[in-house]
Amino acid sequence: MSIKVFSRLAVGTLRLKPPPPAFSASTSGCSLTVKHDRPNRRFTVSPGSEADCAVLLYRFTGEKEVDLISTYVPETFRGRGVAALLSRAAMEFLLEENLKAHISCWYIKKYIRDNPQQRYEQRVID
């Protein structure tokens, strides 16, 4: 499954883990797009219908600071790397905009720990 990540400055394609066996073969080739909704301060992915939207929320806490508040992935799409895609998009946004972040979301903290090669920890405010 391939993923397209769109932000103001970059477009990229990421590979998701293959879907678990409980998913039908028709979903294995599906393409997901991470959308950055700047006015509403969120990143979204719609692996199914718009009602099944996965979301990462953030808020500005200062001129060059944000708080990455939370991630939510609908239960039927959990375990497929969707939260990781949202987290990566948010961290790339920090890099592009030269922002620092407070990390309130446990999953994003885990994502940063699990991806030390990206040097995302340099963007984190304790």
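Within region 41-77, being over 15 Å from Phe93 (Cα atoms) and in a loop (DSSP other than H, G, I, E, B) holds for Ser46, Pro47, Gly48, Ser49, Cys53, Val73, Pro74.
The rows are residues; the columns are (1) open to solvent by 20 Å² or more (accessible area, probe 1.4 Å); (2) touching an Asp or Glu at 6+ places or on another chain (Cβ under 9 Å); (3) at pLDDT 95 or above.
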| site | (1), (2), (3) |
| --- | --- |
| Phe23 | yes, no, no |
| Leu32 | no, no, no |
| Asp52 | yes, no, no |
| Phe93 | no, no, yes |
| His102 | yes, yes, yes |
| Gln122 | yes, no, no |
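The values are calculated or read from the model by the stated rules, or taken from the named source; none is laboratory data. The shown structure was predicted, so the numbers you read here are calculated from the model rather than taken from an experiment. Ideal geometry is used to build each Cβ from the backbone, glycine not excepted, and the neighbour counts take in all protein chains shown. When the accessible area is computed, the model is the full protein with side chains, heavy atoms only, and any ligands, DNA or RNA have been set aside. Shrake-Rupley method; radii C 1.70, N 1.55, O 1.52, S 1.80 Å.
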